[in-house]
Structures are given as C-alpha cells and as structure tokens.
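In what follows, a single structure is set out as structure tokens and then discussed.
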Amino acid sequence: MLLVVLVPLKSAQAEDHPLALIDFSGSDAAEFYTSLDGEWFYFEEQLLQPTEVYSFILRDYARTVQLPSSFKEQGGISNTYGTYATRVKIPRALVGRTLAIHIPHQYSAYKLYADLIEIASNGRVGSSAEEHESELSPKLGYFVPRTDELLLTIQISNFEHQRGGFEHSIFIGEASEVAQKFNTSIIWMLFVVGCIFIMGMFMILFAWFRRQEKLFLIFGLFCICFAIRAFFADPFFYSLTLLQVSYLWGTRLEYLFTHATVLLLVFLVYEWYKQQFSKQVLKLITFSITAAIVTTLITKPIVFQRMAEYLFCFAVLGFVYLVYVIYRGYREQHIRNFANIVGLTLVSIGLFNDFMLAHGWIKSVSLSLLAVGLYVVIQVFMMSKSYADKVLETEQLNQSLTTLNATLDDQVNRRTKELRSANEQLEHLASKDALTGIYNRHRFNAFMQKAFQQAKENCTPLSLIMLDLDEFKKYNDNYGHIQGDALLKQVVKLIGEQLPENSLFARFGGEEFVVVLPACPLAEAYQLAEQMRSAVEFARLPHAKRELGYATISIGVAALEHKSLYRSEIELMDAADQQLYRSKREGRNRTSVARLKQEQPSLL
C-alpha cells in the first residue's frame, strides 16, 4: 500500500502559517462533525491526481483560495475546470475509525479523494463540455484515516451552467454522526413535502366534489406543483431514488415547476382580490411566465437559467404589485382573513429567497419549503376552525330544535298561517309579468278560458284585443334591450290608462299584449282599441328606426257575440291574432276587426 507522508508547508509571507491546512486536532472526537470551510490549494485548468497534487505543492508555490466559493469569484468565469486540495488534521482518537464527508449538491461535476482513495463522485469530470456531465446529487463519502493528517483532493469541472465551483460547504465527521444528520435532514424535508402534497390532493378532491370551489382547486394545484418542485430542487431528492432522471431534465423540471408555482400563486391572489387585481397585469404576468416555461422546455440550462435571471427583475415588480393589491384588499376589507395574507407573504418571500439563493446572489438558507409548510399549517388551522364552527352551529341548531319541539303545536299553527300567506303572495306574484307588472300569459290563459265559458253560458259578448309594438326588434337593435324594456313599460302604462276596471290586461309574449273585455261588444272594443292606439301615437315615444320617428302599435280585435260562431277561446284568439297580422301587413299603426259571419259592424 502506498502511504503519503504529508510535510507541513510554510507561507513565504508568514512563516507561522502553514498553507492549506485545516486543523481540527483540538476538537472533541466524541462528537466530531464540522465543515471543511477554509483555505484550499487551487490548480486552475488542471485535473490532478492526489499524488500529483502532493508532488506539485512540494515543488512549486500553489495558489490558495477560500472554499466554499465559485469559479467566477476565483477567476471571473463559470465554465472551467480545476483541482482543489487541502490538508486536514483530525483528532488522534479518530485514526483508524470510519469517517464520512457529506457533500451537499454542487452545480459542478466532481471527484473527491481522501488521501489516494476516491470516496465520492458526482457526474463526469472533464476538461471540455463534451467530456463533462453534471449531476445534482448530495453525496456521502466514507473512508478510514491511517494518520491524523490527510490530504483531500477534489477534481471539478463546470460547463454550460451559470454556476460552477465548490459553492456549498462540505462536512466531515464520525460516520454515524454524519449519516444521522444527513438522513434526519432528508427525512424532515420529505415529511414536509409529503404533507404539502397530501394537502394539495385534499384541496383538489374537495374542489372536485364541490364543483364550484375554484379557489380550493388553485390552492391544491399550487401545493402539488410546489411539492413536485421541491422533489427536483435542492437537495434534489430525485437523485436519491430509483428514478433515472438526467441532470438536464432534473434541472428543467425544477425550473418548470418553479414557474408553474409562481403562476398559480398569482392566480391565487387574483381569485382573492379580483376587484383590486388588474386583468391586464394578470395577462402580462401569465404571458411572461408562459414564455419562460416554453423556453425551459426547448433550450439548454444555460439559456433558460439566464432568462430566469432576467425575469427576476420583472418578478420583483410583480411582487411589489401583489403587495399593493393585498394592501388594498385588506384596507377595503374584501378579504377579512388576516391569516391568508400572512401566509401568502411568507410564501412569496420564501420563493424569492430561494430564487436568489439558487443563482448565488445571496448567502442564505432555503426558505420556500418552510414558508409553504407554514402556509399549509395556516390553512389547516383555518379549516379546523371552520369545521369547529360548523359543529358548534349544528349543536346550536339541535338545541333550537329541542326548544321548538316543546311548543310544536303553536309553532305549526303559526308556520301554517305564515305559509298560507306566503303562498297567496307567491300565487299573486306568479300571475304577474316581472318586467311590466301586468298579468302574464299563464294568468291570461286561465282567465280567458273561464270568461269564454261564462259568455257562452250567459249569452253575453266577449271581446279580445291583441296588440303588438311595431318594429320593436329594430328598436332593440338601435337602442339596446334595456331601453327596449323601458319602452315596453311606457306603452303598458299608456294602454292601462284607457282600460275599464273589469278588463284583464296581460303580456302575451315579447312585445305582444292582450286585453280581455267581458260583456263588451265588438263596436265598443273597436273604439277602445282606437283609444289605445291613439294614446301611444300621441305620446310620440322616440323610435329612430320607424319612418314616423316614434313608436306605434298595431291592433287586432275579435268578439264573441250572438252572431259569431266561435266554438272555443282558441278560435277567438286565432281570429284576433289574424287581425293583428292584417294590421301589420296593411302598414302598421292601425286597428283591424274580425268580420262577423252574417253581419258586418257599421264601424267597418
């Protein structure tokens, strides 16, 4: 076995400062777990083996850098390759025991050596884009140190990615301690993600069965999208499963579900604050995020990641607008649930923090999972409270029913009277036309049948007038239906002022009306019809689409008299209707009368 003996190196500037030495010799061996942040040798554009590293630093001066840091911070570019190395001094009690190094995800491909042994790798390290292949995955590397000082070597490369280098701290410690911390963090995060996913499914199913809870559907989709995003984002759970997902699609899915999550969050705010949220702004945001989604689907990471950076400035403005919308809604008390506002703010801050963290703009920790987890807890609290309120309401209703049962007879009698009165009112309302206030066709049919039968039995006359507004469709097309309704009301008022008390005035349908005149002969009905027509004509109600320039009516009159042979009210109605159409054919704004079989009225 080849044994590497490490010789302490001294800096030319400071004789008491050994180069690239991280000293943990004074640490407690019982709970040894610490980061490897500190000074490392850096060999730019060289992929060196551990033996080469040791030989190189003995012969020549080696440049040192502080890790964690990025390639861009060290040399101004992100797409390059190189080798990091440092010496680590550990407590003597750990010599011969199994140690582990936890490497959180890095955006670069790397190989990690402890002394001469490769203990962990991620992707494929290469000196060009063709040789390089990224893989986002946290790793644990195990080794047994033979001395209290060891050499750690990292070969690393990055191509076609905006970030590169060793940007996240790595940790060394006793194997069981490292594994426990790693597994605990993974289990805790999976638990939170699972809770968010389950809550999302619950909301979607609730919205599905309710069929009208759009807000619950959007919130459920938001939870589902965020949970899936968390699966493909830091710490990249998908790489720890049996799923065979490449780095390209893993990164692509992370960005896709990030965009979808943000879009659903915007939709959620819009549903809560429709009156305050501009539809134009919603369309602009939707278009921008949709464009980002399409770009993510069809381009390489270097392209869609850069586009995401450009969209960040736009997203900041969008976030400011959301805050403004929420403030207006809260001030106007359209949304009374303060908990929703707090949760929404937490989620927005968490997503922005993680976006900036992922692009290396800030030094922080991931907050979106915690923020969304808190938001889900808030929603569960709200639903629990709502359920408790419903239960309390049910209990109060049961108590009220018990009280009502004690005086059931009085309650039934009073309710019966109230019901009878309500039915009478309802029957009265049911016979009225909602627009004009006169009787409707249902009431006319019943009255006409009864009046015809009585006229037959008593040998008394019965007249029927049918009238129609001339060219009413043109009026509606020109003035609109609201103005058309107003014209109908005015005409009904004018006609109603001409009618006797024993008549029935009803709306037959649309702009057509009928007047039933019991005990009224044909001649009198004709005179009354002419009064009605003249009253409308003299009112000069404007109608720009009529040649006359004002509204008029056409009328048809028929009567059941001893000389007329109508066998049913249907025949009488048909006769009046034919005269109405005759008036329209002959030029409108006139009254036509049905002829009797044996004798024609002198008025004709």
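The values are calculated or read from the model by the stated rules, or taken from the named source; none is laboratory data. Keep in mind it's a predicted model, so treat the numbers as computed, not measured. A quick note on method: Cβ atoms are made from the backbone with ideal geometry, for glycine too, and the neighbour counts reach across all protein chains shown.
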Going through the range 176-197 in order, the residues found to be farther than 22 Å from PHE219 by Cβ and in contact with a Leu (Cβ under 8 Å, 6 or more places away or on another chain) are VAL178, ALA179, PHE182, ILE186
Per the list (1) surrounded by fewer than 19 Cβ atoms within 10 Å (Cβ to Cβ); (2) polar (S, T, N, Q); (3) in the same structural domain as GLY556 (by TED's automatic domain parsing); (4) in contact (Cβ under 8 Å) with a residue 12 or more places away in the chain, residue check on ASN445 breaks on (4)
For the range 111-141, what are the residues that are more than 38 Å from the chain's Cα centre (by Cα), buried (at least 21 other Cβ atoms within 10 Å of the Cβ) and among the hydroxyl-bearing types (Ser, Thr, Tyr)? TYR113
With the requirement that a residue be at pLDDT below 85 and surrounded by fewer than 19 Cβ atoms within 10 Å (Cβ to Cβ), what does the range 274-284 give you? LYS274, GLN275
So which pairs qualify, if the first residue must be in the range 154-175 and farther than 14 Å from LEU136 by Cβ, the second must be of a type outside the set (Gly, Ala, Ser) and part of a helix (DSSP H, G or I), the Cβ gap must be under 6 Å, and the two must be at least 6 apart or on different chains? GLY165/PHE71
Could you tell me how many of the residues in the range 518-556 are assigned to a loop (DSSP other than H, G, I, E, B) and under 24 Å from LEU464 (Cβ atoms)? 5
Report the residue count in the range 200-245 for those that are surrounded by fewer than 16 Cβ atoms within 10 Å (Cβ to Cβ), part of a helix (DSSP H, G or I) and among the hydrophobic types (A, V, I, L, M, F, W, C). 7
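With the range 29-137 as the region, which strands (runs of 3 or more DSSP E) entirely inside it contain at least 1 residues that are in contact (Cβ under 8 Å) with a residue 40 or more places away in the chain?
33-35, 38-44, 64-67, 80-89, 99-103, 109-114
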For ILE570, all conditions in the list (1) under 60 Å from the mean Cα position of the chain (by Cα); (2) in contact (Cβ under 8 Å) with a residue 12 or more places away in the chain; (3) assigned to a helix (DSSP H, G or I) hold save one; what is the number of the exception? (2)
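Just checking, which of SER348, SER384, SER366 is small (Gly, Ala, Ser), part of a helix (DSSP H, G or I) and either modelled with pLDDT of 70 or more or within 18 Å of GLU254 (Cα to Cα) (or both)?
Values: SER384 fails: either modelled with pLDDT of 70 or more or within 18 Å of GLU254 (Cα to Cα) (or both); SER366 fails: part of a helix (DSSP H, G or I).
Result: SER348 is the single residue among SER348, SER384, SER366 that is small (Gly, Ala, Ser), part of a helix (DSSP H, G or I) and either modelled with pLDDT of 70 or more or within 18 Å of GLU254 (Cα to Cα) (or both).
Please verify whether GLY480 is on the phi > 0 side of the Ramachandran plot and modelled with pLDDT of 90 or more, treating the condition exactly as stated. Reasoning before the result, please.
Values: on the phi > 0 side of the Ramachandran plot: yes; modelled with pLDDT of 90 or more: yes.
The answer is yes for GLY480.
Mind listing just one residue for me: the one in the range 485-512 that is among the small types (Gly, Ala, Ser) and in contact (Cβ under 8 Å) with a residue 24 or more places away in the chain and, of those, nearest to HIS543 (Cα to Cα)?
Step one: of the range 485-512, the residues among the small types (Gly, Ala, Ser) are 486, 496, 503, 506, 509-510.
Cutting the leftovers down to in contact (Cβ under 8 Å) with a residue 24 or more places away in the chain gives us 496, 506, 509-510.
Details: GLY496: 21, ALA506: 23, GLY509: 21, GLY510: 17 Å.
The extreme case among them is GLY510.
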Can you tell me which residues in the range 68-101 are modelled with pLDDT of 90 or more and under 14 Å from GLY38 (Cα atoms)? TYR84, ALA85, THR86, ARG87, VAL88, LYS89
